[in-house]
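Take a look at the structure set out below.
The values are calculated or read from the model by the stated rules, or taken from the named source; none is laboratory data. Only a predicted model underlies this, so the values are computations on that prediction, with no experimental measurement involved. Glycine gets a Cβ as well: all are built from the backbone with ideal geometry, and neighbour counts include every protein chain shown. When the accessible area is computed, the model is the full protein with side chains, heavy atoms only, and any ligands, DNA or RNA have been set aside. Shrake-Rupley method; radii C 1.70, N 1.55, O 1.52, S 1.80 Å.
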Amino acid sequence: MNEIDGRRVRGDASRRIVLTSAADLASVEGLDGLSIGRLATAANVSKSGVATLFGTKERLQLATVEAAAQRFREAVMLPARVEPRGIRRIALLLDLWIAYSRDRVFPGGCFFAAAAADLDAKPGPVHDAVARAFESWGEYVSVSLGYAIENGELAAGTDPAQLSFEVTALLDGANTRSVLAGSREPYVRARRALVARLLAAGADPEAVRQLSEGDDLA
């Protein structure tokens, strides 16, 4: 490895470490308050080092959103693919989302819920990046539900976009209430509501058993 390649590897490693701290910090304090100086203090690195990696506050925030999205994919979306497309994958996907929030993959609960609350009325590139992440997740759930409908695992008349809206709203509500109250009980209630909604849409109880048997109060 030559000197230039070595510097690039070290720079990439430093960038990952700093972005991990940035996403954790923003999940608690908000993206809008994330600055080069604040992050340098939290990550115990020099302000000049953070500035070299990102240049501006906006670039830092945008990189943080992408790093958070990747952590979300690794915690929720990719593990769900062990199940084939259809209702069992959906049940696992929702179960994994609850675990992602409940086990505080980000210290402040769902990173994107915190970011949305912080930026919902503040237009700009960072707001747009958070909005795209929300839209992408909702579309992913909707497409997954569509496969279940095509497979005959949910009733033919089910509207996947509407059902996606309902189940993601339940997840977001559970996250918000849990973070606010410091309680895991909202996840128990969310599971009951999610299972009931999927059953009402025609799901086989056995196919959603994993979602109904969470250990949220353990």
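General observations
- Residue within the stretch 66-85 that is under 15 Å from Glu29 (Cα atoms) and either at pLDDT 95 or above or of a type in the set (A, V, I, L, M, F, W, C) (or both) present: yes
- Across the stretch 92-105, the number of residues qualifying as open to solvent by 10 Å² or more (accessible area, probe 1.4 Å) and either assigned to a helix (DSSP H, G or I) or not acidic (Asp, Glu) (or both) comes to 7.
- Within the set Phe134, Phe112, the sole residue that is part of a helix (DSSP H, G or I) and either open to solvent by 60 Å² or more (accessible area, probe 1.4 Å) or over 20 Å from Ser27 (Cβ atoms) (or both) turns out to be Phe134.
Results for (1) open to solvent by 40 Å² or more (accessible area, probe 1.4 Å); (2) aliphatic (A, V, I, L, M), shown as yes or no for each residue.
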{"position": "Ala43", "(1), (2)": "no, yes"}
{"position": "Gly49", "(1), (2)": "no, no"}
{"position": "Leu53", "(1), (2)": "yes, yes"}
{"position": "Ala75", "(1), (2)": "no, yes"}
{"position": "Arg81", "(1), (2)": "yes, no"}
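- Each residue in the stretch 190-207 was checked for being more than 21 Å from the chain's Cα centre (by Cα) and among the aliphatic types (A, V, I, L, M), and 7 pass.
- On inspection, Arg89 fails the criterion of being outside any helix (DSSP H, G or I), surrounded by 14 or more Cβ atoms within 10 Å (Cβ to Cβ) and either on the phi > 0 side of the Ramachandran plot or out of contact with any Cys (no Cβ under 7 Å at 6 or more places or on another chain) (or both).
- Scanning the stretch 144-189 for residues that are under 17 Å from the mean Cα position of the chain (by Cα) and either β-branched (Val, Ile, Thr) or part of a loop (DSSP other than H, G, I, E, B) (or both) yields Val167, Thr168, Thr176, Val179.
- Leu62 vs. criteria out of contact with any Asp or Glu (no Cβ under 7 Å at 6 or more places or on another chain), open to solvent by 30 Å² or more (accessible area, probe 1.4 Å) and assigned to a helix (DSSP H, G or I): yes
- Where a residue in the stretch 127-148 is farther than 14 Å from Val76 by Cα and its partner, wherever it lies, is of a type in the set (Asp, Glu), with Cβ under 8 Å and at least six apart: His127/Asp120; Ala129/Glu66
- Among the residues of the stretch 157-182, those that are open to solvent by 40 Å² or more (accessible area, probe 1.4 Å) and either of a type in the set (Val, Ile, Thr) or without any contact (Cβ under 8 Å) to a residue 12 or more places away in the chain (or both) comprise Gly157, Asp159, Gln162, Ala169, Thr176, Arg177, Val179, Leu180, Ala181, Gly182.
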